[in-house]
Amino acid sequence: MSSDAREAAISELARLLADLPGFADVHTRAVMLDDLPSRLIAGLAPLHPSRAVAASQLIRYLQQWDGALLELAELLVVFHGESDPVKRFQHLVARVAESSGAISVQGGELVRILRDDPRVPWLPSYLEVTGRVADPPPDSPDEAVVLLEDLAAPPHQAPPVLRFAAAVAARAGLHPGTREDLLEWAERFARRLGVPVPRAPHPGQEASYGGRDGGVRLVVRLKNYQPGSPDCMLAVWLHHGEGRWIPLAVDDEPQPPSRIAARFGTFLKTAEDYAGGPPSRVEFMLPRSLLDLPVDRWAVRRREGTGDVDLPLGALCPVVVRDLERPDDPWVRERWARRWREYEDLHDLPAERAAWVSLGHDRSPVTTVEQLERALAVVVEPPPRHSRARLGSVARTVETALDAGVPVVLWGRDESDADGCVDSGALRAAVRYLMSRGSPGRLPERITSLRKEAFYSGEPSPADQLALVWDGPEGRLEVDGGALRSL
């Protein structure tokens, strides 16, 4: 951690502490100080009456002593529980503590190489080597190397910092001089340790990301915490290459979807740092009860011109939903897999392979079932305004299509009473346009383009009401006994 980053962390620690209710209350603050070990506060001057100044005074005093801030962090958990501010406090304390460790001589040489070219894509290689980013990733090459040097390696195997250097050297677009310096450093360090230099792809030939669709995917899974509870368990991964997953958060705590939406920007930023831009797709693995959750409308802060703009996620990159409750019946799964392969291989979607279900209109149930048996994609139109269709009819129809093994389901959210709702005719026309304007495999991208146009036009659009299940059996993430499996 650079000196500027360390100072910023110390300042944020002071702000977090000042805002905690226990510290803001003078009497509780006195109790907290009494609970700190006497050896830590023996030389502490009386705290200033202003809680902001007092918090800064305490943080800057304690950071002089080894382990003192860690003691304070543990005490805050006792007084305030594991709230978000306390978790952030713990994370920053850990970062400050890690930065106090001295970097090795060879680590300093590696940092110099990385800093000589500010365009070196070191962060993606760091994430690949560590395989985890439960906490925010390092802010600089210096911090990355310090963290990597602290990671142990099995005997006679290359340590993480050596694998990191080899991975950076293999990245496409690297300046030849920088690549040569990295490889020379790696060879010298490997000889010193008596281990081989880790094998990496030839420059510019890194493993393709994301399978057939390419790019880096951000995969978000929500599971119901318990029956009747609005809270969910959250898990987030980055997917790159064949079967390569980096966990960003795994079932950390039950929380409502609104809180998850507020936290989502952190995960998206990590994905963008890794990919060098927006992910190729954001996939939400949702239970049936949450399929209609408007995840494409989650706001993400973007810098445009001289100000910030809250852009809907679905206008930034393709957003799709995957069904977390697909039937386990082998026959149904085989039909599902076969239909997905057919869908992916099409240049155009024949009209007879797309089933349209219009709710609130007279339609033979037999016809609908026959359509589902052949359909590669199903479009569900919500009931028109003031319709007498039963509540939940859209959700039931979507579930019927999924149970039949249909891989792609597009529907309009039933929002007939919402402001800015477009009528069913406009929704139908928009969907027909999307379905007929090119390869079926590019449907998510076309929806994104329509949403972006609608956002910048400021006019109500059918795109705002669309939801999409885009769900083939390939590239799905399964968690089995805590282990990740890519199917």
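Normalised per residue, the accessible area of the range 143-184 is 44 Å², obtained with a 1.4 Å probe and no contribution from ligands, DNA or RNA.
May I ask for the net charge around residue 409, where only other residues with Cβ less than 10 Å from the Cβ of residue 409 are counted and Lys, Arg are +1 while Asp, Glu are -1? Net charge in that neighbourhood comes out at -3.
How much net charge surrounds residue 32 when only the other residues with a Cβ under 15 Å from the Cβ of residue 32 are counted, with Lys and Arg +1 and Asp and Glu -1? Around residue 32, the charge tally is -4. Under a cut-off of 23 Å between alpha-carbon atoms, report the lysines in cross-link reach of residue 87, not counting same-chain residues fewer than 8 places apart. Hits, sequence-local ones excluded: 223, 269.
Charge dipole (Cα centre; +1 on Lys/Arg Cβ, -1 on Asp/Glu Cβ; no other charges) of the range 1-77 amounts to roughly 200 debye.
The values are calculated or read from the model by the stated rules, or taken from the named source; none is laboratory data. Bear in mind that the values here come from a model prediction, so they are computed numbers and not experimental data. Please note: Cβ atoms are built from the backbone with ideal geometry, for glycine as well, and neighbour counts cover all protein chains shown. All accessible areas refer to the heavy atoms of the entire protein, side chains included, with ligands and DNA or RNA removed. Shrake-Rupley method; radii C 1.70, N 1.55, O 1.52, S 1.80 Å.
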